[in-house]
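**Student:** First, the structure itself, so that you have it in front of you.
The values are calculated or read from the model by the stated rules, or taken from the named source; none is laboratory data. Since the model is a prediction, treat every value here as computed from it, not as a measurement. Cβ: placed from backbone, ideal geometry, glycine included. Neighbour counts: every protein chain shown.
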Amino acid sequence: MAWYVGFFVVPLLVIVLYSFGYKPAADAASSIGLDRLSFDNYSNTFSDTFNNTFIATIRIAVTGTLLCLLVGFPLAYFLATRTSPRYRGVLLGLVIVPFWTSFLLRTFAWRILLAANGPASTFLQSIGFLGEPLRVLDTRGAVQLGVLYNYLPLMIFPLFVALDRMDPALREASKDLGANRIATFFQVTLPLVMPGVVAGLLLVFIPLAGEYVTPAVLGGAKGLMAGGLVASQFLAALNWALGSAMAVVLILLILAVIGVFAAAGLIVRIIVRRNRRVELATK
């Protein structure tokens, strides 16, 4: 609890306090003024200039998280149910291998790969798929591809654990009772591994929403996300008050999105349980 308070609660409270301050004069000794507090920074944060960046951040974060789920679930299912235990550890090791390399270095590798004169562009032109060099870098598409690659293992690991712990006899019992593969997946497999799905969604979405490196390397000005916006206020503009307000707004947006999806999931769960309810006939 002391660790939690000292390294999370206290710094967060400092950021919240700074968000009500102001930027002092250029020759001031401090980078933040706290002698008069106001909500001016929050009104500036919700201006059209910054509002579009926050909207784009949530869109990229939600899309990237869902893509990680769509790609990671089949792979985790294959590793947990279709792979021999003899080779399962090797394949999981291959998933972990990218984490042995610097996050920044892995992201720069994509910049080399997606360059207009890079390997991907040259290959696609050689087979006639493209008639001109690849124009992907410095776009939101490049950012989306980069975050999918960088955060995919964080989705695979909790899904694999949940699927690996599931008793295969439950799927076999479902098939013996007449359910096909699709019905077995949605009525047996998915409900049982839902804790792994939720863990994967949280592990990916929360850090992805505050992503700074990938947009800066692959997106340029067009791929700017809220994390880069906050960093620019602290490092370039030296406006700690406005940067703190942006950081608080970003945290609130992340919590709001999680709340919306949690509420949607709860509603779906209630509907599914109601539809699956069996009423016994009474004499």
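**Student:** Would you say ALA264 is small (Gly, Ala, Ser), farther than 30 Å from PRO11 by Cα, in a helix (DSSP H, G or I) and more than 17 Å from the chain's Cα centre (by Cα)?
**Tutor:** Spelling it out, ALA264 is indeed small (Gly, Ala, Ser), farther than 30 Å from PRO11 by Cα, in a helix (DSSP H, G or I) and more than 17 Å from the chain's Cα centre (by Cα).
**Student:** Being closer than 30 Å to ASN52 by Cβ and at pLDDT 90 or above narrows it down to one residue among ALA116, ALA162, ALA109; which is it?
**Tutor:** Testing whether each residue is closer than 30 Å to ASN52 by Cβ and at pLDDT 90 or above leaves just ALA109.
**Student:** Determine which single condition GLY200 fails, assuming it passes every other condition in (1) closer than 30 Å to ILE32 by Cα; (2) in a helix (DSSP H, G or I); (3) out of contact with any Asp or Glu (no Cβ under 7 Å at 6 or more places or on another chain); (4) touching a residue at least 40 places away in the same chain (Cβ under 8 Å).
**Tutor:** So the condition that GLY200 fails would be (1).
**Student:** I'd like to verify a number: residues in region 124-141 that are in contact (Cβ under 8 Å) with a residue 12 or more places away in the chain and out of contact with any Lys or Arg (no Cβ under 8 Å at 6 or more places or on another chain), how many?
**Tutor:** Counting residues in region 124-141 that are in contact (Cβ under 8 Å) with a residue 12 or more places away in the chain and out of contact with any Lys or Arg (no Cβ under 8 Å at 6 or more places or on another chain) gives 4.
**Student:** State yes or no: is SER84 free of Cβ contacts under 8 Å to residues at least 60 places away in the same chain, loosely packed, with under 14 Cβ neighbours inside 10 Å, closer than 19 Å to LEU235 by Cβ and not charged (D, E, K, R)?
**Tutor:** no
**Student:** At pLDDT below 90, in contact with a helix residue (DSSP H, G or I) (Cβ under 8 Å, 6 or more places away or on another chain), outside any helix (DSSP H, G or I) and over 22 Å from VAL260 (Cβ atoms) - does that describe any residue in region 185-193?
**Tutor:** no
**Student:** Among the candidates ARG59, ARG36, single out the residue that is of a type in the set (D, E, K, R) and either closer than 20 Å to SER232 by Cα or in a loop (DSSP other than H, G, I, E, B) (or both).
**Tutor:** The match here is ARG36.
**Student:** Report yes if some residue within region 142-162 is part of a loop (DSSP other than H, G, I, E, B) and of a type in the set (Gly, Ala, Ser); otherwise report no.
**Tutor:** Scanning region 142-162, I find no residue that is part of a loop (DSSP other than H, G, I, E, B) and of a type in the set (Gly, Ala, Ser), so the answer is no.
**Student:** Could you please find all residues in region 220-250 being part of a helix (DSSP H, G or I) and of a type in the set (S, T, N, Q)?
**Tutor:** Scanning region 220-250 gives SER232, GLN233, SER244.
**Student:** Let me ask something else. If you scan region 53-89, which residues turn out to be among the hydroxyl-bearing types (Ser, Thr, Tyr) and more than 15 Å from the chain's Cα centre (by Cα)?
**Tutor:** Once the filter is applied, which keeps residues that are among the hydroxyl-bearing types (Ser, Thr, Tyr) and more than 15 Å from the chain's Cα centre (by Cα), region 53-89 yields THR53, TYR77, THR81, THR83, SER84, TYR87.
**Student:** Of all residues in region 214-236 being among the hydrophobic types (A, V, I, L, M, F, W, C) and free of Cβ contacts under 8 Å to residues at least 40 places away in the same chain, which is surrounded by the most Cβ atoms within 10 Å (Cβ to Cβ)?
**Tutor:** Residue satisfying both the conditions and the ranking: VAL230.
**Student:** Counting only residues that are in contact with a Pro (Cβ under 7 Å, 6 or more places away or on another chain) and of a type in the set (A, V, I, L, M, F, W, C), which one in region 97-131 is surrounded by the most Cβ atoms within 10 Å (Cβ to Cβ)?
**Tutor:** Ranking the qualifying residues of region 97-131, first place goes to LEU113.
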